[in-house]
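> Before anything else, here's the structure in question.
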Amino acid sequence: MAKRKILVDSTRRELEAHGTETFPMTVNHDDLWSFEGKNVPIHWHNDLEISLPRKGEAVYQIYQKSYHLNPGEGLLINRNVPHSCHSPGNQPARYSTILVRPDFMYGDFGSDVEKKADVSLLPTDNGNKVRYTPSHQQILEKLNLIEQLFDHKPYCYELKIKGLLCQVFSDILFERQNYSSHYTPSNQLELERLEQMLNYLNTHFDSVISLQQLADH
């Protein structure tokens, strides 16, 4: 049996479309062993991706970090973020993948909903992914229901899926707001340190300052 390939261009952007122009989302059921090399090579796309492991452990590589996920957990990868996937110890791993174009949920770019629900600002440690464990049970239940609706396609499943997706990302963004209110971003801390350094240099502008003095300060 021929192995699956991820077709990409010179920048590693995936060439395969996800969903259709009239319904820009899809749900895939993937088996790592069905891919060449039993892994998904590094690639990126314009769609948001939610991966839900179903059997075995999957390891997702995003930039310099690795994320180990098991059934009952999930991983959200933001659009335009390079990522890959493999299984540790060359063990079988199966997972479901929900891929959705952001404007499917909030309509045209520049709309009031899009301005208030910027999914590019998801609540993550580096702005690109968020891991859901059983503590986020309500979100996982909604994602599982989206998969079931897409697979069985009951009457008006499109509207139900869109509504559930909006609820999921509303929950995510609401959590981000709560998280941000109790967290000082690292870049803000860096700006404060930079301000202190510049103030120190300005105060001692007529002196010779060594790098060690600056570091000590």
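The values are calculated or read from the model by the stated rules, or taken from the named source; none is laboratory data. Everything quoted here is computed from the prediction, not taken from an experiment. Don't worry about glycine lacking a Cβ; one is built from the backbone with ideal geometry, like all the others, and counts go over all protein chains shown. Side chains included, ligands, DNA and RNA excluded: accessible areas come from the protein's heavy atoms. Shrake-Rupley method; radii C 1.70, N 1.55, O 1.52, S 1.80 Å.
> For the stretch 114-150, enumerate the residues that are modelled with pLDDT of 85 or more and open to solvent by less than 70 Å² (accessible area, probe 1.4 Å).
Once the filter is applied, which keeps residues that are modelled with pLDDT of 85 or more and open to solvent by less than 70 Å² (accessible area, probe 1.4 Å), the stretch 114-150 yields 139, 140, 142, 143, 144, 146, 147, 149, 150.
> Here's another thing I want to ask about it. Residue by residue through the stretch 13-35, note down the ones that are open to solvent by 90 Å² or more (accessible area, probe 1.4 Å) and either without any contact (Cβ under 8 Å) to a residue 12 or more places away in the chain or over 13 Å from residue 51 (Cβ atoms) (or both).
15, 16, 21, 22
> Looking at the structure I just gave you, is residue 109 modelled with pLDDT under 85 and either among the aromatic types (Phe, Trp, Tyr) or over 12 Å from the mean Cα position of the chain (by Cα) (or both)?
For residue 109, the condition - modelled with pLDDT under 85 and either among the aromatic types (Phe, Trp, Tyr) or over 12 Å from the mean Cα position of the chain (by Cα) (or both) - is met.
> Shifting gears a bit: Go through the stretch 20-39 and count every residue that is in contact with a Leu (Cβ under 7 Å, 6 or more places away or on another chain) and over 17 Å from residue 144 (Cα atoms).
Of the residues in that region, 2 qualify.
> Here's a follow-up. Select from the stretch 40-66 the residues that are surrounded by fewer than 16 Cβ atoms within 10 Å (Cβ to Cβ) and among the polar types (S, T, N, Q) and list them in ascending order.
Residues satisfying the conditions are 46, 64, 66.
> Go through the stretch 22-74 residue by residue and tally those that are within 18 Å of residue 12 (Cβ to Cβ), over 18 Å from the mean Cα position of the chain (by Cα) and part of a loop (DSSP other than H, G, I, E, B).
Total satisfying the criteria: 1.
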